[in-house]
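Structure record follows, encoded as C-alpha cells.
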Amino acid sequence: MNQALIASRMPFAVEVEKGKTYTWCACGRSRTQPYCDGSHQGSGLEPLQFIAKRSEKVWLCGCKRSRHAPFCDGAHNRLPSA
C-alpha cells in the first residue's frame, strides 16, 4: 500500500457551497491543495470526491491521515516531529 505524502501539518480551512462536488487530494502530491490536480497518477492513490451538504467553512485534512477524510479529525496532532 502506498503512503500519502504529508501536504500540510495543519488542516485547510475552505468555504464550500451546498450541492457542489469537490475532489480532495488524498495523495499529498497536488500543487492545488487541498484539491486534486491529477498529480496522483501512478501513485496508487486516488482522490476523494464529496458533495457539500451545506454552504459553510470546513476543515479539510492536510496531513492525509484523517480517519474521516476528507475532513480533519486532528490526526496531524499525532504526527511525529518533523
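Side notes on the structure shown:
- Estimated vicinal HN-Hα couplings, Hz - the range 58-66 in sequence order (Karplus 6.51, -1.76, 1.60; Gly, Pro = x): 10, 10, 8, 4, x, 7, 6, 10, 4
- Residue among 19, 28, 38 with the largest mean-square fluctuation in a Gaussian network model of the chain, springs linking Cα atoms under 10 Å: 19
- Extension reserve of the residue 8-residue 20 stretch, reckoned as 0.36 nm per residue once the Cα distance is removed: 1.9 nm
- Look at the alpha carbon pairs under 8 Å that are at least 6 residues apart: their mean separation over the length of the range 2-62 gives a relative contact order of 47 percent.
- Spin-label model distance (nm) - residue 43 vs residue 73, 7 Å beyond Cα toward Cβ: 1.9 nm
- Counting charges near residue 74 (Lys, Arg +1; Asp, Glu -1) among other residues having Cβ under 15 Å from its Cβ returns a value of +4.
- For the chain, projected area of the alpha-carbon convex hull averaged over all directions, nm²: 5.3 nm²
- Neighbourhood charge, 13 Å Cβ-Cβ cut-off, centred on residue 2 and excluding it, Lys, Arg +1 and Asp, Glu -1: +1
- Taking the 1.4 Å solvent-accessible surface of the chain as the whole, the part contributed by carbon and sulfur is 50%.
The values are calculated or read from the model by the stated rules, or taken from the named source; none is laboratory data. Predicted, not measured: the structure shown is a model, and the values here were computed from it. Don't worry about glycine lacking a Cβ; one is built from the backbone with ideal geometry, like all the others, and counts go over all protein chains shown. Just the protein is used for accessible areas: all its heavy atoms, side chains included, with ligands, DNA and RNA removed. Shrake-Rupley method; radii C 1.70, N 1.55, O 1.52, S 1.80 Å.
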